Amino acid sequence: MATKVLANTNVEVTDEGYFIDYKQWTPDMANEMAKEPNLTLTPLHFEVLEFLRNRVAQGDALTIRSIGKSNIVDIKGFYGLFPGAPLKLSSKLAGIPKPTSCV
Amino acid sequence: MQKEEFPLKKVCMICAKGTIEDVYATLVMANGAVMEGIETKVFFTFFGLDAITKKQMNKIHTSTVGNPAMRMPNGWAFPSILGMLPGVEAGVSMMMKSTMEKLDIPTVPEFFEMITAGGGEIYACKLAMDMFKLEKNDLIDEVIDVITIGDFYGLAGGQGTQIIFT
């Protein structure tokens, strides 16, 4: 466990940088975290992040498939928004735990 | 001394069998690699071609004979003689697929959409296509090309590459 300063607030994160408590998250923190992978977050990015946060708040597991069915982006669009490892990257930016799903 | 680790950069997978478990092993591992940002190429050959053949991809089954790990839903052994009866293999396969659906595991066509949406590449084996008298247009659109094993090895170059045979 570690502490990170995001948007002038101390945030508890795991060694890999995922939030311990998703309630600490603010959109400003996401913008700050996005600088590292060199991303500029658009309203569409935030729509995805909100979707992920809602899923986690409801206790649902996250899968790439569920995002493809969200009507926000298709899977190709999701890879475009969060290049590389999109589920991990978006989870980190959304302030939610590291995804544990295999699909 | 610190142990040096070299992250996996590329996986090249070979799917040579056409049962549910063999095809899904390939698809889950391939999609998982794509999800991690690992360059992914999948080569389908022999009975594995069923997974990318339009007519067959939704009909893949698990084998109910000669499979000692096959059990009844209550845990009892599944006698091979029962597995031989007409319809049993189809019924068991359907049960398996419905369980997977409940776990949000994609169907075979959906997996191909997901893998290619993330940049994964699908190839078919030329030799096996000739054997089974298949043409490129019998295969799903996601298949990039019909290639030889030599071409496949050509795709597998570079440091941090692994070839996985399922």
Legend entry - Positive-pole candidate from B:LEU127, B:THR166, B:PRO109, dipole of region B:90-166, charges at beta carbon: B:THR166
Legend entry - GNM flexibility winner over chain B from B:MET94, B:MET72, B:MET13 (Cα, springs under 10 Å): B:MET72
Inset, instruction - Could you grab the relative contact order for chain B? Cα pairs under 8 Å, six or more apart, rounded to a whole percent. - result: 34 percent
Legend entry - Residue mean of other protein chain beta carbons inside 10 Å, A:78-84: 3
Legend entry - Total charge dipole magnitude, region B:10-72, about the Cα centre, Cβ charges on Lys, Arg, Asp, Glu only, Debye to nearest 20: 200 debye
Inset, instruction - For the protein assembly as shown, compute Rh as the Kirkwood radius over C-alpha pairs and then the Stokes-Einstein diffusion coefficient at 37 °C and 0.692 mPa s; write the answer in µm²/s, rounded to an integer. - result: 158 µm²/s
Inset, instruction - Hey, could you get me the Stokes-Einstein D for chain B, Kirkwood radius over alpha-carbon pairs, 10 °C and 1.306 mPa s, rounded to whole µm² s⁻¹? - result: 93 µm²/s
Inset, instruction - Kindly provide the helix-only [θ] at 222 nm of chain A, computed as the sum of -39,500 (n - 2.57) over DSSP H runs of four or more divided by all residues, to the nearest 500 deg cm²/dmol? - result: -11000 deg cm²/dmol
Legend entry - Residue-averaged [θ]222 nm for chain B, counting only DSSP H segments that reach four residues, each worth -39500 (n - 2.57): -10000 deg cm²/dmol
Legend entry - Average partner coverage of B:102-109, which counts Cβ from other chains inside 10 Å: 3
Inset, instruction - Just tell me how shielded B:26-34 is by partners: mean number of partner chain Cβ atoms within 10 Å of each residue's Cβ, no decimals. - result: 2
Legend entry - Average Cα contact separation per residue, chain A, under 8 Å, 6 or more apart, as relative contact order %: 31 percent
Legend entry - GNM flexibility winner over chain B from B:GLU121, B:GLU101, B:GLU39 (Cα, springs under 10 Å): B:GLU101
Legend entry - Derived scalar couplings ³J(HN,Hα) [region B:30-40; Karplus, 6.51 cos²θ - 1.76 cosθ + 1.60; whole Hz; x for Gly, Pro]: 5, 5, x, 5, 4, 4, 8, x, 8, 4, 10
Legend entry - Within region B:32-105, chymotrypsin sites (Phe, Trp or Tyr not before Pro) in DSSP loop having at most 15 other beta-carbon neighbours inside 10 Å: B:TRP76
Inset, instruction - With 24 Å as the limit, write out which pairs from B:LYS55/B:LYS97; A:LYS88/B:LYS41; A:LYS98/B:LYS9; A:LYS98/B:LYS41 have Cα-Cα distances beyond it, or answer none. - result: A:LYS98/B:LYS41
Inset, instruction - Rank B:ILE20, B:ILE144, B:ILE115 by mean-square fluctuation in a GNM of chain B with C-alpha springs under 10 angstrom and give only the top-ranked residue. - result: B:ILE144
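Laboratory data are not the source of any read-out in this text; all were calculated from the coordinates shown. What you see is a predicted model, and the numbers here were worked out from it, not measured in a lab. Note that we place each Cβ from the backbone using ideal geometry, even for glycine, and neighbour counts take in every protein chain shown.
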